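The values are calculated or read from the model by the stated rules, or taken from the named source; none is laboratory data. Given the structure is predicted, the values throughout are model-derived calculations rather than measurements. Methodologically, a virtual Cβ is constructed for each residue, glycine included, from the backbone with ideal geometry; neighbour enumeration extends over all protein chains shown. Side chains are part of the model used for accessible areas, which takes the heavy atoms of the whole protein and leaves out ligands, DNA and RNA. Shrake-Rupley method; radii C 1.70, N 1.55, O 1.52, S 1.80 Å.
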Amino acid sequence: MELGRISAIFRYPVKSMAGELLDVARLSWHGIEGDRRLAFRRLTDKSGFPWLTASKLPQLLLYKPFGLDSNTAELLPTHVCTPDGKEYEIRSDELREELSSRYGSDVELMNLKHGIFDEACISVISLGTVHCVERESGRDVDLRRFRPNIVIETDSAEPFEEDRWVGRTLMFGEGNSGAALRVTMRDERCVMVNFDPDTAERDSEVMKTVVRMNENYAGVYGTVVRAGELRVGQVVTLGG
């Protein structure tokens, strides 16, 4: 069954920092290549989730990774532009010290080749869902608040239709040779959706709307079952 087309593709090289809007991306076995391969770890945190995220430091969203390191197997950034406009090498003491100072405790950069994900290596949301949250919240809701990897413009434009994709397969491109992912679970939202991606200002009405409309679920997670190329405008088909 043809669902619609890819509307946007995002990669987030450094966990919780600003993302990159892509026209084309390679979907590998560990998600979109170069996605969330880097993260800053909180050194004093002994939990199973020690990463510094925007839920702990909202200003992290305003740091913009850039540059491409040709010496790495995957596309990783070389530098980061800070909210103040300073540019630091991503592995520099200056960046690490600035983030440690903002957070109030020491952090260090980690590089995990399989990525640093909350639930699964790929996230998908439909424009219908984003537009519904925008309409019902009475806010201008930038889809970057949801930090998706793949945004699909479905033919039906029905909100929260992603819930019905769980247990089924999304296939990208014509025929059966393109990239494909198995939808494994609904995406339960956290406070990240409340933060404006351009200012880091908080507006709790966004998450309240997702809770009210769909039990705090918006979008889905998936696991890759066939690697391949993703491209904006590509046809998306729902399989069994």
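The condition of being surrounded by fewer than 23 Cβ atoms within 10 Å (Cβ to Cβ) and either at pLDDT 95 or above or not in a loop (DSSP other than H, G, I, E, B) (or both) holds for only one of E136, E119, that being E136. Taking the conditions exactly as written (touching a residue at least 60 places away in the same chain (Cβ under 8 Å) and under 20 Å from E33 (Cβ atoms)), does S123 satisfy them or not? Yes, satisfied.
Can you confirm whether R11 is open to solvent by 40 Å² or more (accessible area, probe 1.4 Å) and in contact (Cβ under 8 Å) with a residue 40 or more places away in the chain? The answer is no for R11.
Just one of the listed residues (K64, K86) is open to solvent by 70 Å² or more (accessible area, probe 1.4 Å), under 20 Å from the mean Cα position of the chain (by Cα) and without any contact (Cβ under 8 Å) to a residue 60 or more places away in the chain, and it is K64.
Residues checked against (1) touching a strand residue (DSSP E or B) at 6+ places or on another chain (Cβ under 6 Å); (2) under 22 Å from L76 (Cβ atoms); (3) not acidic (D, E):
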site: E108; (1), (2), (3): yes, yes, no
site: K113; (1), (2), (3): no, yes, yes
site: F117; (1), (2), (3): no, yes, yes
site: I122; (1), (2), (3): yes, yes, yes
site: I125; (1), (2), (3): yes, no, yes
site: T129; (1), (2), (3): yes, no, yes
site: R135; (1), (2), (3): no, no, yes
site: G138; (1), (2), (3): no, no, yes
site: R145; (1), (2), (3): no, no, yes
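Looking across region 162-211 at every residue that is touching a helix residue (DSSP H, G or I) at 6+ places or on another chain (Cβ under 8 Å) and among the small types (G, A, S), the one that is farthest from Q59 (Cα to Cα) is identified as S204. Suppose we filter L68, L21, L60 for residues that are closer than 20 Å to D196 by Cβ and outside any strand (DSSP E or B); which single one remains? Result of the check over L68, L21, L60: L60.
Could you please find all residues in region 91-114 being open to solvent by less than 70 Å² (accessible area, probe 1.4 Å) and either in a loop (DSSP other than H, G, I, E, B) or among the polar types (S, T, N, Q) (or both)? Scanning region 91-114 gives S92, S100, G104, S105, L112.
Looking only at residues in region 24-50 that are over 20 Å from E119 (Cα atoms) and in a loop (DSSP other than H, G, I, E, B), the one that is modelled with the highest pLDDT is L43. I'd like the residue in region 27-42 that is under 18 Å from E98 (Cα atoms) and out of contact with any Ser or Thr (no Cβ under 7 Å at 6 or more places or on another chain) and, out of all such residues, is surrounded by the fewest Cβ atoms within 10 Å (Cβ to Cβ). Among those residues, the one meeting the criterion is R41.
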